[in-house]
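Student: Structure below; questions to follow.
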Amino acid sequence: MILAASLLSLVNAYLIALYLQRLKSMTRRRRLAMITLTGAMSGVSVWSVSHLLVASYIPHLPVSLDGVMVAVQIVICVIYYEVLTFTSLSPVRWHHMVGLFLVPFFPALVNFWALTNFAGAEDVDFAVFLKASLWFALAGGAMALLAPKDPGRDVAPALPFATVNTLLVLILHFVMVRAYGLGPDEVLALAVEPSGSFGSATLLVPVALANILIILCSSASFFADHEATQEAVTRYRKLALEDRLTGLPNRASMHAQLEKRLADPDAEGCLVAALIDLDRFKEVNDLHGHAAGDALLVSLSKYLRGRLGPDETLYRLGGDEFVALKAHAENREEGLAFGQFLCDAVLAFEAPVTGDIKVGASVGVSVFPEDGTSAAQLLSRADLAMYAAKRSGRNLSLSFTSDMEQETRRKTELSAELDGAVARGELTLCYQPQVDAVSRAVVGFEALLRWTGPRVGEVAPSEFVPIAEESGQIIRIGEWVLREACREAASWDAPHRIAVNVAPGQLIRNEFVPFLAGVLRETGLPAHRLELEVTESGFHRDKDKAIATLVQCRALGVKISMDDFGTGYSSLSMFLECSFDRLKIDASFIRHVTDDENSSFIVRAILALAASNGMSVVAEGVETETQRAFLIREGCDELQGYMFGAAIPAEETRQRYGLVTDAAGPALGALG
């Protein structure tokens, strides 16, 4: 009987410990249900174990028990242990202390019930129960004082918890029974079978069956909940490691696999990380919508995954960025070949949703261990190589070199210095003349930005302007350029126009047109003398907003010209959507206009297009008389280039071209 009671107590305590360990991770509703189940198990278990232990001392039990009293006792047990479960898990320390204070008291009460149920109330000394309860309560109080400050944080392991709990129950029982005077002599006296009784061993069967049923039901509930939790964990882990759109492993998965591979001492060969960034993907989103962009990413992911080998894995980082890892490569050359393979594969992919936009890829390659010994280093250096590929013309794969890091440090230094360049007066404007093609008379000037810093020296615009655009400093710099150019042009006696380049970031700002109007009022420059030069890139971020801004600028009377016409993918499209006053032919076409058929054909086409739409044309980069003659013959209106003068500072411009009344030297109306 004692063995059966001990086993029952051990199993119940073990299951209860498992439930308590799960409670912390459950929702409030599930936690309440589990506390109810745990309290019921505990209450029935303690009542059953106490009665089995007491029955082991009493050979013959009464034929019938008071059913109402037994039911009340079991209900009280269940309620008590549900309250105890709550207090034991509460983060409030005094809740926990109250629970510990009452822990030893209640099993003493249940033992008292068992004795009164079996031996009769007249044979049990209630005073003994009160004394024992007091001592047990004092022991519980001592336990409460030593309780941890955060009792709700941790739950003991299941098996030690069950073992200790069973031992405490047995010790408590034997102490209580001895306190009631049930020694060996008293047990022998109870061995005589009275009338109206049955053998105590008979009690084992129904009690054991009832508890087994409870254990089976609760175990089924626990394992069903555990299985559901495991399925949820598996599902969430998959979501955490998988890109939702493409189904590819995501950034977190890539980092985990990369670190695992880097830490493998037995891995052979080089590990190659190829960072892929799609070229012209933004145009797909802008022209065809984000749904088309998503469809492109999904179909391209499937296509590339099907092209990779068994030791090659594709991951999506987000947006239009991917990483392909090649686990075993012989050397850097093989890694670079892998990057070029990916580049060619993207270019060969026929996307059904991009229309006339051909999506390509810029790929940056880094190799372990030469380029880094950690995942962060490899990806950072692959990223540097990828941006170098973009700057080198796109649809290209480049491998990381140390020069790329030096270039990045240089950009960081320039960005920091450029931040205060306007306030420190380090920026200046130089002015290059634009002349009538036939008469060579000056008709206007283009304001060109220059920067000379005390720490960085003279920096070319081609180097610092992209940095300013990336960092957002171009807005403040652009405002300074516009105000300074208008102020300078307003001071000239000659009514020449002034051309000012406008950065893409300026066109999409709501404040740009009011700022422009304010500058014209402030400087007194007539609006028709100001010409804003924009490039195709100015329309990439938000084409509709950029066009609306230019329309408002024209409404002020300002002229608009398209710079570097013919060099972009969508120059003709922009030409048709936005009304320009003037086109500027890029110097790259003019340079070979007399010795290259393609260049001459493009120049003729631009001039014909402009003439048919009533626009004037400025040819940039004119350096020879032969080029000038060709352009005059083909109907070009105006020229700009070193042949007619380099860009020079404002003071020198005023003097050389006689732009102010009191300027020293002759007032030149024409050059040459």
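Student: For segment 436-465, what are the residues that are among the hydrophobic types (A, V, I, L, M, F, W, C) and under 47 Å from the mean Cα position of the chain (by Cα)? Steps first, please.
Tutor: Going through segment 436-465, the residues among the hydrophobic types (A, V, I, L, M, F, W, C) turn out to be 437-438, 441-443, 445, 447-449, 451, 456, 459-460, 464-465.
Ala447, Leu448, Leu449, Trp451, Val456, Val459, Ala460, Phe464, Val465, listed by residue number.
Student: OK, next. Sort out which residues of segment 308-352 are closer than 16 Å to Ser366 by Cα and small (Gly, Ala, Ser), and write them in order of number. Write out each step before concluding.
Tutor: Quick first cut of segment 308-352, residues closer than 16 Å to Ser366 by Cα only: 312-315, 321-343.
Scanning segment 308-352 gives Ala324, Ala327, Ala329, Gly335, Ala337, Gly339.
Student: Can you name the residue in segment 486-501 that is among the aliphatic types (A, V, I, L, M) and touching a Ser or Thr at 6+ places or on another chain (Cβ under 9 Å) and, of all such residues, is farthest from Arg582 (Cα to Cα)?
Tutor: Looking at the filtered set, the residue picked out is Ala490.
Student: Tell me whether segment 321-342 contains one or more residues that are surrounded by fewer than 17 Cβ atoms within 10 Å (Cβ to Cβ) and under 24 Å from the mean Cα position of the chain (by Cα).
Tutor: For segment 321-342, residues surrounded by fewer than 17 Cβ atoms within 10 Å (Cβ to Cβ) and under 24 Å from the mean Cα position of the chain (by Cα): present.
Student: If you check Ala389 against the conditions, is it hydrophobic (A, V, I, L, M, F, W, C), free of Cβ contacts under 8 Å to residues at least 40 places away in the same chain and in a helix (DSSP H, G or I)?
Tutor: On the way: hydrophobic (A, V, I, L, M, F, W, C): yes; free of Cβ contacts under 8 Å to residues at least 40 places away in the same chain: yes; in a helix (DSSP H, G or I): yes.
Yes; evaluated as a whole, the condition is true for this residue.
Student: Before we move on, is Leu516 within 21 Å of Arg582 (Cα to Cα), in the same structural domain as Gly645 (by TED's automatic domain parsing) and assigned to a helix (DSSP H, G or I)?
Tutor: On the way: within 21 Å of Arg582 (Cα to Cα): yes; in the same structural domain as Gly645 (by TED's automatic domain parsing): yes; assigned to a helix (DSSP H, G or I): yes.
The answer is yes for Leu516.
Student: Specify the residue that is nearest to the chain's Cα centre (by Cα); the eligible residues are those in segment 576-612 that are without any contact (Cβ under 8 Å) to a residue 12 or more places away in the chain and surrounded by 14 or more Cβ atoms within 10 Å (Cβ to Cβ).
Tutor: Ser599
Student: Could you please tell me which pairs satisfy a Cβ distance under 8 Å, a separation of 6+ or placement on different chains, a first residue in segment 273-291 that is in the same structural domain as Leu258 (by TED's automatic domain parsing), and a second residue that is among the aromatic types (Phe, Trp, Tyr) and assigned to a helix (DSSP H, G or I)?
Tutor: Listed by first residue and then by second, the contacts come to Ala274/Phe338.
Student: Could you say whether any residue in segment 427-443 is of a type in the set (Lys, Arg), surrounded by fewer than 20 Cβ atoms within 10 Å (Cβ to Cβ) and modelled with pLDDT under 90?
Tutor: Quick first cut of segment 427-443, residues of a type in the set (Lys, Arg) only: 440.
Checking the rest, the ones that are also surrounded by fewer than 20 Cβ atoms within 10 Å (Cβ to Cβ) come to 440.
Going one step further and asking which of them are modelled with pLDDT under 90, we end up with none.
No: zero hits.
Student: Anything in segment 337-391 that is among the polar types (S, T, N, Q) and touching a strand residue (DSSP E or B) at 6+ places or on another chain (Cβ under 7 Å)? List them, or say none.
Tutor: Residues of segment 337-391 among the polar types (S, T, N, Q): 340, 354, 362, 366, 373-374, 377, 380.
Gln340, Ser362, Ser366 - these are the residues of segment 337-391 that are among the polar types (S, T, N, Q) and touching a strand residue (DSSP E or B) at 6+ places or on another chain (Cβ under 7 Å).
Student: Moving on to the next point. Check segment 262-279 and report whether any residue there is surrounded by 14 or more Cβ atoms within 10 Å (Cβ to Cβ), among the acidic types (Asp, Glu), touching a helix residue (DSSP H, G or I) at 6+ places or on another chain (Cβ under 9 Å) and over 22 Å from Val365 (Cβ atoms).
Tutor: For segment 262-279, residues surrounded by 14 or more Cβ atoms within 10 Å (Cβ to Cβ), among the acidic types (Asp, Glu), touching a helix residue (DSSP H, G or I) at 6+ places or on another chain (Cβ under 9 Å) and over 22 Å from Val365 (Cβ atoms): absent.
Student: Does Arg424 satisfy being at negative phi and among the basic types (Lys, Arg)? Break it down stepwise before answering.
Tutor: Working: at negative phi: yes; among the basic types (Lys, Arg): yes.
Considered against the rule, which asks whether it is at negative phi and among the basic types (Lys, Arg), Arg424 comes out as yes.
Student: Quick one: in segment 280-320, of everything that is among the acidic types (Asp, Glu) and crowded, with 16+ Cβ neighbours inside 10 Å, which residue is farthest from Ala351 (Cα to Cα)? Steps first, please.
Tutor: First, the residues of segment 280-320 that are among the acidic types (Asp, Glu): 283, 286, 294, 311-312, 320.
Next, only the ones that are crowded, with 16+ Cβ neighbours inside 10 Å stay: 283, 286, 312, 320.
Values: Glu283: 14, Asp286: 16, Glu312: 23, Asp320: 14 Å.
Among those residues, the one meeting the criterion is Glu312.
Student: Ok, one more. Spot the failing condition for Arg307; the list is (1) under 22 Å from the mean Cα position of the chain (by Cα); (2) under 30 Å from His288 (Cβ atoms), and only one is missed.
Tutor: Checking Arg307 against (1) under 22 Å from the mean Cα position of the chain (by Cα); (2) under 30 Å from His288 (Cβ atoms), the one that fails is (1).
Student: What is the number of the single condition among (1) at pLDDT below 90; (2) in the same structural domain as Ala587 (by TED's automatic domain parsing); (3) aliphatic (A, V, I, L, M) that Ala667 does not meet?
Tutor: Of (1) at pLDDT below 90; (2) in the same structural domain as Ala587 (by TED's automatic domain parsing); (3) aliphatic (A, V, I, L, M), only one is false for Ala667: (2).
Student: Going through segment 591-630 one residue at a time, which ones are polar (S, T, N, Q) and part of a helix (DSSP H, G or I)?
Tutor: Here is the first cut: in segment 591-630, the ones polar (S, T, N, Q) are 594, 598-600, 612-613, 616, 624, 626-627.
Answer for segment 591-630, where residues must be polar (S, T, N, Q) and part of a helix (DSSP H, G or I): Asn598, Ser599, Ser600, Ser612, Thr626, Gln627.
The values are calculated or read from the model by the stated rules, or taken from the named source; none is laboratory data. Values in this document were obtained by computation on a predicted structure and should not be read as measured data. Cβ coordinates were reconstructed from backbone atoms using ideal geometry, including for glycine residues, and neighbour counts include every protein chain displayed.
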